[in-house]
Amino acid sequence: QVQLVESGGGLAQPGQSLKLSCTASGITFRSYAMAWYRQAPGKERELVARIIVGGSANYADSVKGRFIISRDNAKNTVYLQMINLKAEDTAVYLCQASLLLYTYWGQGTQVTVSS
């Protein structure tokens, strides 16, 4: 059974930092591209950052320079370091694992940025 479990969300003030983690089980983690998406109320789900097997990453324009995605294949975990958070970063952040036709999602972790 495949499971992706996110953690690290919470409440932050503008300008502060949070680090999200997503730990996978039931898959050969090192073979999967991993990504973070987010979905704010009333908005469509959007890609935040993605890291492929080789370690190359790409980011949404809105988070470039503020967010960093990384992976630790030994721990089956992908991270999202978020700095200089803004109110518009408020959303549920979801982890995704993908390989060819296989895509798996976590249940998400809430990030709220508010003063």
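The values are calculated or read from the model by the stated rules, or taken from the named source; none is laboratory data. What you see is a predicted model; the values in this text were computed from it and never measured. Positions of Cβ are backbone-derived with ideal geometry, glycine not excepted, and every protein chain shown enters the neighbour counts. Ligands, DNA and RNA are stripped out before the accessible areas are found, and what is left, the full protein with its side chains, is counted by its heavy atoms. Shrake-Rupley method; radii C 1.70, N 1.55, O 1.52, S 1.80 Å.
When the criteria are applied in full, GLY65 fails the requirement of being part of a loop (DSSP other than H, G, I, E, B) and open to solvent by less than 60 Å² (accessible area, probe 1.4 Å).
Consider the range 27-44 and keep the residues that are under 17 Å from ALA74 (Cβ atoms) and either modelled with pLDDT under 95 or of a type outside the set (A, V, I, L, M) (or both). The one that is most open to solvent (accessible area, probe 1.4 Å) is ARG30.
Here is a yes/no grid of residues against (1) at pLDDT 95 or above; (2) open to solvent by less than 50 Å² (accessible area, probe 1.4 Å):
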site: GLN1; (1), (2): no, no
site: SER7; (1), (2): yes, no
site: PRO14; (1), (2): yes, no
site: ASP61; (1), (2): yes, no
site: ASP72; (1), (2): yes, yes
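You will find that of LEU47, LEU20, the residue that is part of a strand (DSSP E or B), modelled with pLDDT of 95 or more and open to solvent by 40 Å² or more (accessible area, probe 1.4 Å) is LEU47 and no other.
Quick check on my filter: what residues within the range 80-104 are crowded, with 20+ Cβ neighbours inside 10 Å and assigned to a helix (DSSP H, G or I)?
ASP89, the sole residue that qualifies.
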